[in-house]
Amino acid sequence: MAKDIEIVTIKADCRSWNPKMNRCECVWNKKCMRENKQCADYEPIELDRLIEKSIEVLQSFAPPNGEPYYVAYSGGKDSIVLLHLVKMSGVPFDAHYNLTTIDPPPVVQAIKANPDISINYPKRTMWQLIEKKGLPTRLRRWCCKELKEGGGNGRFVLTGVRWAESPKRATRGAVEVSQTRTGRKERYNFDNEGANQFKFCPTKGAKILNPIINWKVGDIWAFIERFGLEYPAQYDEGWSRLGCIACPLGNSGKRDFEIYPTYRVAFEHALKRYFEAYPRPDGPGNEKEWIDWYISGGRGKKVEEELFAREDEEE
Ligand code: SF4
Ligand code: SF4
């Protein structure tokens, strides 16, 4: 028994250990190799150092003209940490959540109850968009652009992006500046010379600061625990991420529709209307079958390209 207790303690202090999922999010994924003293990737959590650095970054990049940061809040664990750090740093900010209309209801409830966050409503709901465009797919994820990525134009945006989340995010910079004329994006990181070269310039294009980009999952949960922050209960129920219901980029559509069956009905109704509005030579599609296809991972690239390749006239 004493050995078990010792193992738990060792895992809990590693930056890559996800205590909610009970697994390592490093290369070893699931089993902690440190139990056998084999892990070369072990890194102890040093929360004070991380907090200090993130607050320093938030304070030093704050626009000198007193303009508040635009916090792009997603409702997940990383956003929760980001918002608390912003408050600790004392910089001016306003926080915004882009409602997608396929958000998990507990996330929306928590956001509505938080006076620090305002909600941006989309021009068209997911259902109205499906009626016009068909289903989004891994290759055609138009819904992110329509529902999730707006807001913060011309502002200095803060995000909770972290390198450890995905290989794609590992290419992001700690500070990112888009040049309005060329569309080129410059990236700087905190731990190299680039950070020192960055100078805030209000006339440049979009500016993004990712203050927790170097945090790992163990750091995030240790921070939430230390400050007693509230978080959506789904994390305790085995959800590793909170996002849109039945997102085509994930693999949780089946589970999501079991938990929220009315959303499946709404997807089917919208798709039925799409098939009625845009009949195909081989007859209308069967919306139930297509929703099954959708939540099984949407495989069959050729079919999806042919069926849902219409352009939306309202774009
Ligand atoms: S990085 Fe190594 S020590 Fe840390 S949780 Fe993973 S396997 Fe365990
Ligand atoms: S469902 Fe997925 S792809 Fe669509 S807006 Fe949400 S996160 Fe983006």
Counting other C-beta atoms within 10 Å, which of Ser89, Ser79 has the fewest, and how do the rest follow? Ser89, Ser79
Low-density loop cleavage sites - trypsin sites (Lys or Arg not before Pro) in region 67-132, where at most 13 other Cβ are within 10 Å (DSSP): Lys123
List Met126, Met21 from most exposed to least, where exposure is judged by having the fewest other Cβ atoms within 10 Å. Met21, Met126
Order of Glu230, Glu67 from fewest to most other C-beta atoms within 10 Å? Glu230, Glu67
Multiply the residue gap between Asp41 and Leu249 by 0.36 nm, knock off their C-alpha separation, and tell me the result in nm, one decimal place. 72.0 nm
Binning every alpha carbon pair distance of region 224-263 at 5 Å from zero, what are the percents per bin? 6, 20, 26, 23, 10, 8, 7, 1
Structure shown: which of Lys31/Lys254; Lys20/Lys216; Lys77/Lys112 lie over 18 Å apart, alpha-carbon to alpha-carbon? Lys31/Lys254
Given a Förster distance of 41 Å, report the FRET efficiency between Val265 and Lys31 from their Cβ-Cβ distance, rounded to the nearest 0.05. 0.55
Using a ≥ b ≥ c from the Cα gyration tensor of region 101-160 (square roots of the eigenvalues), is it rounded, prolate or oblate, where a/c under 1.5 gives rounded and otherwise the larger of a/b and b/c decides, a/b for prolate? oblate
Taking placed amide H atoms and a strict 5 Å upper bound, the residues 5 or more places from Ile117 or on another chain that come that close are none
Principal axis dimensions, largest first and in whole angstrom, of region 31-122 by Cα: 50, 38, 19
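Readers should treat all values here as calculations from the given coordinates under stated rules, not as data from a laboratory. Owing to the predicted nature of the structure, the values given are computational and were not obtained by experimental measurement. Because the Cβ atoms are built from the backbone with ideal geometry, glycine has one as well, and the counts that use them run over all protein chains shown.
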